[in-house]
Amino acid sequence: MVSRYSIIQYVPNPIADERINVGVLAFDEDLVRVRFLNNWERVRHFGREDPHFLQDFASRREKVAAQGLLFPGDFPNQVSRQDRLLKVAQGWFNSVQFTEPRGSLETVEFLIDDLAKTYLVESCVPQIRKHDRAFAVQVTKQRIKKVLESHFNEKAKQLFRTDYRLSGCLKSHQFDVVVANGKPYFAAQGVSFDVKIRSTEQDSMILKISDVKQNKPDFPLAIVTVPPQMNNPKYQQLNQVYEKTTGLFSDLGAEVLTAEKVEGWVSRHLGEIEV
């Protein structure tokens, strides 16, 4: 079935005919889908007026799309959806206009996502930076390396290992940092809770800790955590996972640390290192 689409545009001055895209519409004879901007600041500057009426239009348009209608005031009849929209596209001359419908071989669901990416340009707004796993690893490495270099100078390079595998009862495991010189002295892994942790990642961590600890119960293992940020929209949910998971890591024998406690933890174990 051929899908069709139209771009919904804001034209503040129909005489000047300057326009900006504010929404996209995709439909076939079974489905109607619509998508509008999330941020209207660019539209506000373009039209030099409050875009509140456009947001109202978008809200009404989303409601009628859920009913299978193309625009406010549309109603099913013997005329096809394409022709009904074509009439509107050719006859409307107010500040909200539809482009003439065009065809596509894509499904409506795929098409609406593609149209939104192509035609809806969002304003550049500051994004909350989420500290991911890569950030946690970076913090872990930097903090440990700093302590080693301050105590061992050039010899720190041979102690700081990122390719060392620790033996467990079942198999060997690689951690982000292992401090070793012929034999391992301690190891650390960085984990971020400011993003959703996949169940496979959590299971992997549990296996690493428990297997190494079963083999060497007294071996120092640290899990360096990045807690969820308070300004993260999903803070409450992420914090529950943080408290539950870090408690489990502690029960398995690992020391759970935040970034500012890493250097103190490393310093406590420096006396065990032979160079």
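Worth a mention:
- For the chain, the residue among Trp265, Asn39, Phe57 whose Cα projects farthest onto the positive side of the dipole built from Cβ charges is Trp265.
- Viscosity 1.567 mPa s, 4 °C: Kirkwood-radius Stokes-Einstein D of segment 199-250 over Cα pairs, µm²/s: 105
- Taking the C-alpha atoms only, the angle from helix 133-152 to the longest principal axis of the chain is near 30 degrees.
- The chain, dipole about Cα centre (Lys/Arg Cβ +1, Asp/Glu Cβ -1), debye to the nearest 20: 600
- Segment 163-225: equivalent-ellipsoid semi-axes (sqrt of 5 x gyration tensor eigenvalues, Cα, Å): 20, 13, 9
- Label of the coordinate-derived value, Cα extents along the principal axes in Å, listed as (i) 57, 45, 40; (ii) 84, 40, 30; (iii) 79, 51, 27: (ii)
- Only Lys, Arg, Asp and Glu carry charge here, each on its Cβ (+1 for the first two, -1 for the last two); on that basis segment 1-64 has a dipole of about 100 debye about its Cα centre.
- Ala16 versus Glu260: modelled label distance in nm, points set 7 Å from Cα along the beta carbon direction: 5.3
- Between 0 and 90 degrees, the angle of helix 235-251 with respect to the longest Cα principal axis of the chain falls at about 20 degrees.
- In the chain, helices alone account for a calculated mean residue ellipticity at 222 nm of -12500 deg cm²/dmol, with every DSSP H run of four or more residues adding -39,500 (n - 2.57).
- The stretch between Val2 and His52, if pulled fully straight at 0.36 nm per residue, gains 14.6 nm over its current Cα-Cα span.
- Taking only the Cα atoms of segment 1-95, the radius of gyration and Dmax are 13.7, 41 Å.
- Amide hydrogen neighbours beyond the local backbone of Val256, cut-off 5 Å, H modeled: Ile223
- Cβ-Cβ FRET estimate between Lys117 and Asn231, R0 fixed at 45 Å, reported to 0.05: 0.95
- The alpha carbons of segment 87-226 stretch over 80, 36, 21 Å along the principal axes, in descending order.
- For the pair Ser267 and Leu248, label points projected 7 Å from Cα toward Cβ lie 3.3 nm apart.
- Charge dipole magnitude, Cβ of K and R +1, D and E -1 - segment 53-124, Cα centre, debye nearest 20: 280
- Note on the chain: with neighbouring protein chains present and a 1.4 Å probe, carbon and sulfur make up 49 percent of its accessible heavy-atom surface.
- Distance between modelled label sites at Phe219 and Asp30, nm, 7 Å Cα→Cβ extension: 5.7
- Fraction of the pair-distance distribution of segment 167-275 above 26 Å, Cα-Cα pairs, percent: 20
The values are calculated or read from the model by the stated rules, or taken from the named source; none is laboratory data. Owing to the predicted nature of the structure, the values given are computational and were not obtained by experimental measurement. FYI the Cβ positions are ideal-geometry reconstructions off the backbone, even for glycines, and counts take in every protein chain you see. Please note that ligands, DNA and RNA were not included when accessible areas were found on the heavy atoms of the full protein model with its side chains. Shrake-Rupley method; radii C 1.70, N 1.55, O 1.52, S 1.80 Å.
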